[in-house]
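The values are calculated or read from the model by the stated rules, or taken from the named source; none is laboratory data. The model shown is predicted, which means the values in this text are computed figures rather than measured ones. Because the Cβ atoms are built from the backbone with ideal geometry, glycine has one as well, and the counts that use them run over all protein chains shown.
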Amino acid sequence: MRKMSAAAVGAVFLGISLLGPVPSASAAEAATCYDEFYETALAGYVYAYDGANCVGQLGLAVGNDQNWGDSGGSFQGSDNNKASSILNKGNYSEVKFFQYPTTYTGYNPHICLSRAEGYASNLSDNYFMGERAEGTANNNISGHIWVDRTACVEFAT
Ligand SMILES: [Ca+2]
Ligand SMILES: [Ca+2]
């Protein structure tokens, strides 16, 4: 059900896009993750935000949170399927974000964010596994773990 609602949001977004492109000037005027947040982010943590450009912090985590929809860990309840921008200032190199909680035993697409990349300011143009058919990571992340670089197939940019 929750994935249906994410798809509905995407459909609305596509509808808006048909009316005309959103002026890129509005994005240029907005703060970026770097300007506003990366410099002051705590070393060792991964952050997630409800809005683009690191606006509307959902939470931050020094460790793993394998289910963003449960009542434990750094991300809980309504944090599930809500992240629209992410930031990695961790001491480990990569954070692997999953479409479903990691306890899910079926196919679970992911996207990774490296410390070197630092942040992804708008997940709406980042697709799980780098494949458009997998769907955008925007409002669709349900868990994360810290991993070695070799554990990732696709990286957010
Ligand atoms: Ca969001
Ligand atoms: Ca959690």
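Key figures
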item	result
Any hit, region 65-78, residues being more than 16 Å from ligand 1 (Cβ to nearest atom), closer than 23 Å to Glu36 by Cβ and of a type in the set (D, E, K, R)	no
In region 124-137, the residues that are in contact (Cβ under 8 Å) with a residue 60 or more places away in the chain and within 14 Å of ligand 1 (Cβ to nearest atom)	Ser124, Thr136
Evaluation of Asn91 against (1) within 21 Å of Asp148 (Cβ to Cβ); (2) at pLDDT 95 or above (one fails), failing number	(2)
